[in-house]
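Below: the structure, in C-alpha cells.
Bear in mind that the values in this text are calculations on the coordinates, not laboratory data. As the structure is a prediction and not an experimental result, all values here were calculated from the model. No Cβ is skipped: glycine too gets one built from the backbone with ideal geometry, and neighbour counts run over all protein chains shown.
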Amino acid sequence: MTIDQTVLRKELRQFITDSFLIGDDQVVFADTDSFMKNGIIDSTGVLELTAHLEEKYSVTPSDDEMLPANLDSIDNLVNFIQRKLSATAAQ
Amino acid sequence: MEFTKDSLKIDAAAVTEQLCQTIRTQIRTRLHKTGAVVGVSGGIDSTVCAALCARALGPERVVGIMMPEKDSSPLSEQLARKLAAQFGFQAIKEDISGGLAGLGCYERRDEAIRSVFPEFDPSWSAKITIPTNILEKDTFNFFHLTIENKSGESRTKRMPLAAYLQVVASSNLKQRLRMTTLYYHAEKRNWAVIGTGNKDEHEQGFFVKYGDGGADLKPIAHLFKIQVYQLAEYLKVPREIIDRTPTTDTYSAEVTQEEFFFGLDFYKMDMLWYALEHKVPAEKAAEVLGLTVEQVRHGYANIERKVNATEYLKLPPLHAV
C-alpha cells in the first residue's frame, strides 16, 4: 500500500486539528513544527496518535520507533509512514 | 556558575532549621491551623516531611496516617510505625481497601488490564512501566503493562491508549481517597494537611491532581530528591527507609519510581535537571556526570517534555473570564 504524500499530509493535518485542537483550524503550525514543543500534543496524545496510525494506515511503531524523529511533526509522520509502508510492500 | 558533582549538596542543618521556621510560620499565620496531618508511607519523602513537622511543631501536634490498601507492601506500614515511634508522633491506620472497592477501583482497573491480557485474574499482579533508556535515545514516554502470576511467570505488552487511561484513572482513586482521608483527620483537629512531594514529583508531574497533590503545605516541593536524602541523613530517620528503593506502592506488582515515571536514576536526573535549569552547556554537564553530550541532550529533552506535558496538573481551576 502506498499513499500520495500530499493526501497523507492533508489527512494527518486534519487528524491533528480534529483530535488535538478541537477542530480549530485557525491554529497555525508548519509541517516541520514539533507537536510537543508547540503544546499541540502531550505524552497521552502520542498514544492517541499511534492508535490512529495503526487504525488508519496499519502502521504500528515498534518500541524503538517511538521517537520524536518519527512522530513529532507532520513531516516526520509523513516520512515515517511512507517508510513503514514501503518496507511492508517490499516484504 | 560552576557546575560540579557537588552542586546539589546542601547544608542540611541550616536547611532543616529554615524549613522548620517556615512550617511553623505558614501553619500558624497563613493557614491559621495548629498542627499537621501527614500521610506516612514508609517512603523517604513522607518520612522527611513528618520528621520536619515533628521538629517544627512538636510531636504532639503531628499525626501520621498510614493508609494501606490491598496492593500495598506490608513493609510500608512497618516502616511508618517505626518512624512514628522514633519521632514520637501518633500513628493512625486507615485501611482504604473497602472504600476503594466501593468506588470500583479494583474492578475497573482489572477490566482495563483484561482488555490487554484476557487471561488476567486478580491472583496475578500487575504494573505499568516506561522505557528506562532515556539517555540512549530521545524517546517518547510510552507504557508497558506487565502481569505476573504467583509462580513468577510474567507477560508484557505495550498499552493501548484506552487501557492505559482506564488503569491510571482507576489507580488514581487510591491517591484521591487518601487525600480525602487526610482531610478528615485534619479538619477534625483544625490542623493542616502536609503534601509530601519533592521537586522531582511536583515539577515533572508525578502526582495525582487532587490526590497526593491536594494539600495545604508542601514543605519539600522545592528540593531535589537527592537533597531530600541529605535531610533524611541529617534527621537520622530509620536506615531502612533511606535504603529502601522508592516505589509507587500503587500497583500490585512492585514497581520502582524509576521504572514507572522518571526513567533514570535520581542522581543523574537531578544533576541533569539542575544543569538544565542553570543553562549549563551539555558539554560541561557531560564532563561532570561522565556522560556523552548526546546522552545529556536526551536527558534534557526528556525532562523538558515531562515538565511541559504535565503543566496542567499544577494549574488551579481556571475561570472562564
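Tabulated data
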read-out: Fraction of alpha-carbon pairs over 18 Å apart in segment B:1-154 - percent; value: 72
read-out: Acute angle (nearest 10 degrees) that the helix A:43-57 long axis makes with the longest principal axis of chain A, alpha-carbon atoms; value: 50
read-out: Residue (of A:SER19, A:THR6, A:PRO61) at the positive-pole extreme of segment A:5-90, dipole from beta-carbon charges; value: A:THR6
read-out: Label point distance in nm, A:ALA69-A:SER34, each placed 7 Å from Cα along Cα→Cβ; value: 1.5
read-out: Rg in Å to one decimal, and Dmax rounded to a whole Å, for the protein assembly as shown via C-alpha atoms; value: 23.1, 73
read-out: For segment A:5-90: Kirkwood Rh in Å [reciprocal of mean 1/r, alpha carbons]; value: 13.0
read-out: Over chain A: helical MRE at 222 nm, DSSP H runs n ≥ 4 each giving -39500 (n - 2.57), nearest 500; value: -18000 deg cm²/dmol
read-out: Translational diffusion of segment B:60-128, µm² s⁻¹ [Kirkwood Rh, Cα pairs; Stokes-Einstein; 10 °C; 1.306 mPa s]; value: 112
read-out: Segment B:184-207 residues near the modelled B:HIS278 label - backbone nitrogen below 18 Å, point 7 Å along Cα→Cβ; value: B:199-200
read-out: Residues B:HIS278, B:HIS298, B:HIS185, sorted so that the one with the fewest Cβ neighbours within 10 Å comes first; value: B:HIS278, B:HIS185, B:HIS298
read-out: B:THR47, B:THR34, B:THR310 arranged by Cβ crowding within 10 Å, fewest neighbours leading; value: B:THR34, B:THR310, B:THR47
read-out: FRET E, pair A:THR6, B:LEU103, Förster distance 56 Å, beta-carbon r, rounded to 0.05; value: 0.65
read-out: Proxy reagent accessibility, fewest Cβ within 10 Å first, across B:CYS49, B:CYS105, B:CYS20; value: B:CYS20, B:CYS105, B:CYS49
read-out: Percent of Cα pairs exceeding the 16 Å cut-off, where the set is segment B:94-209; value: 70
read-out: Cα centroid separation - segment B:51-72 against segment A:60-90, whole Å; value: 50
read-out: More than 15 Å apart - percent of Cα-Cα pairs taken over segment B:275-321; value: 54
read-out: Aspartates and glutamates with Cα under 16 Å of A:LYS37, excluding same-chain neighbours fewer than 8 positions away; value: A:ASP72, A:ASP75, B:ASP138, B:GLU304, B:GLU311
read-out: Where the Cα pairs of chain B fall when distances are cut into 10 Å bins, in %; value: 6, 25, 33, 25, 11, 1
read-out: Restraint check, B:LYS70/B:LYS268; A:LYS84/B:LYS137; B:LYS137/B:LYS284; B:LYS279/B:LYS314; B:LYS9/B:LYS306, Cα-Cα greater than 27 Å; value: B:LYS70/B:LYS268
read-out: Average partner coverage of A:38-48, which counts Cβ from other chains inside 10 Å; value: 5
read-out: Per-residue [θ]222 nm for chain B (sum of -39500 (n - 2.57) over DSSP H runs n ≥ 4, rounded to 500); value: -14500 deg cm²/dmol
